[in-house]
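Working notes, beginning with the structure itself.
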């Protein structure tokens, strides 16, 4: 195996890792800020891909342009979901959120099944699937776009979290909720905004996943597992950690696929997560809440 | 009167913590609220700030009835509480903690307020990029007070500011607090008597949720000590 082939694998793993991180950011936000496990995270991501599919079949535009509608739509879905359903579940305890979102995931899957059937779909067009050359490395353009989008979204989220009053309030609530209330922050108003933000990011993830791979109504839970992996690998509550966690998972996925075959990809990835969690239970960046 | 409490009763569920509490604070006044652990000081402060709703009684601030208003409205009207245990966000930077003192106050002059707080507690400027959790106890208390000052409150409430601090650090903190009285009214809740009554214009003693004694700077603290402990010791 020549150096060009190795470089191709490594770059492919990195690009795929960027996409995995993109799937993880939203999960990182809901787990880190709202402290709830959104089991329907992957299904909501796939929902975004289907919304984009509908947009694109109505207006035949470049796939990424559909984000102009998908992102605000998913922000609204996230906001409403938290405000109407999950805030109430959360008041009864975190395990209620798990149960409610588990049911929500099943509902979304079946709704998509009724509306769109079980067929594989993709948002990709010929243009995005064209190969590009980075030196000796040859990869489809869409994967480079995935990675670039992941970096841009990470930078935007860091900006929001670090330099806006809303971002500070989002970090303050999980750090010390009673104190947050005393200075006039109402967690039950912050949570819907955080979930809206998480789902806006999830919309980007869904559209890019849908442009990179095929998708079908029941594929959501696979991506939930990947999102969960990136977050716990990187360290809870650190978005940079989620990015790094994504890269690790992408590399392991691609390299193990090359060495052991596609059957063992997911298993190898989960083993690596397991080992890292044993060695460093708080993740690679030993995160606290943002 | 800047703040007036009229027969406030409050508690948690069936547990009645405050009984018939009436007190007032004038413009520019420094008032000490003395009481042992569990007397109801923190509950009283949370009631004033709207975090706990009183069961009965009224609270007036600048002549307006604020009873039952949500905390964010009361904060914006100019009451800032430095809670017991400081209420900092340990993983956020000093600067972020300070800026959160302006939460919900649109178009606040951030730079000006930061400079004001830094002028009172210069060490916070040096540490502005550090995590709040990495500060010493005294610095953390300064940060907690500094955050409350960001919103330029009319009334500053300090709940046991001296707890867990070395005496010399407490002296410096009290000196800074005393200097603030020309800008705002202040309530200090403490368990000990000597220090707060030495700088306060007036004081109240709270026990088992009732105001059992009150007095002014003219009534010597020695008197209070005798009444409070039964003996004249500190």
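In the range B:169-183 there is at least one residue that is in contact with a strand residue (DSSP E or B) (Cβ under 6 Å, 6 or more places away or on another chain), closer than 29 Å to residue B:71 by Cα and touching a residue at least 24 places away in the same chain (Cβ under 8 Å).
Of the candidates B:52, B:120, the single residue that is in contact with a strand residue (DSSP E or B) (Cβ under 7 Å, 6 or more places away or on another chain) and either more than 14 Å from chain A (Cβ to nearest Cβ) or buried (at least 18 other Cβ atoms within 10 Å of the Cβ) (or both) is B:52.
Here B:47, B:21, B:51 are screened, and the one residue that is over 16 Å from the mean Cα position of the chain (by Cα) and over 22 Å from residue B:182 (Cβ atoms) is B:21. Residues of the range A:134-174 that are more than 30 Å from residue A:9 (Cα to Cα) and crowded, with 22+ Cβ neighbours inside 10 Å: A:168, A:169, A:170, A:171, A:172, A:173, A:174.
Of the residues that make up the range B:97-114, is at least one in contact with a strand residue (DSSP E or B) (Cβ under 8 Å, 6 or more places away or on another chain), in a loop (DSSP other than H, G, I, E, B) and surrounded by fewer than 23 Cβ atoms within 10 Å (Cβ to Cβ)? Taking every residue of the range B:97-114 in turn, none turns out to be in contact with a strand residue (DSSP E or B) (Cβ under 8 Å, 6 or more places away or on another chain), in a loop (DSSP other than H, G, I, E, B) and surrounded by fewer than 23 Cβ atoms within 10 Å (Cβ to Cβ).
Being away from chain A (no Cβ under 14 Å), assigned to a helix (DSSP H, G or I) and modelled with pLDDT under 95 is true of residue B:138. Do we have residue A:283 as surrounded by 20 or more Cβ atoms within 10 Å (Cβ to Cβ), more than 14 Å from chain B (Cβ to nearest Cβ), over 17 Å from the mean Cα position of the chain (by Cα) and under 28 Å from residue A:34 (Cα atoms) here? Yes.
Number of residues in the range B:85-96 that are in a helix (DSSP H, G or I) and either closer than 13 Å to residue B:142 by Cβ or away from chain A (no Cβ under 12 Å) (or both): the value is 1.
The residues in the range B:143-174 that are farther than 20 Å from residue B:203 by Cβ and assigned to a loop (DSSP other than H, G, I, E, B) can be counted, and the count is 7. Scanning the range B:175-193 for residues that are assigned to a loop (DSSP other than H, G, I, E, B) and either touching a helix residue (DSSP H, G or I) at 6+ places or on another chain (Cβ under 8 Å) or at pLDDT below 90 (or both) returns B:192, B:193.
Of all residues in the range A:30-55, those that are surrounded by fewer than 20 Cβ atoms within 10 Å (Cβ to Cβ) and over 20 Å from residue A:197 (Cβ atoms) total 1. One residue stands out in the range B:55-76 among those that are more than 18 Å from residue B:19 (Cα to Cα) and more than 14 Å from every other protein chain (Cβ to nearest Cβ): the one that is nearest to the chain's Cα centre (by Cα), namely B:61.
For the range A:139-227, the helices (runs of 4 or more DSSP H) that sit wholly inside it and include 2 or more residues that are away from chain B (no Cβ under 14 Å) are A:141-163, A:187-212.
The values are calculated or read from the model by the stated rules, or taken from the named source; none is laboratory data. All of these numbers come straight from a predicted model, not from anything done at the bench. Using ideal geometry, Cβ is built from the backbone for each residue, glycine included, and neighbour counts are taken over all protein chains shown.
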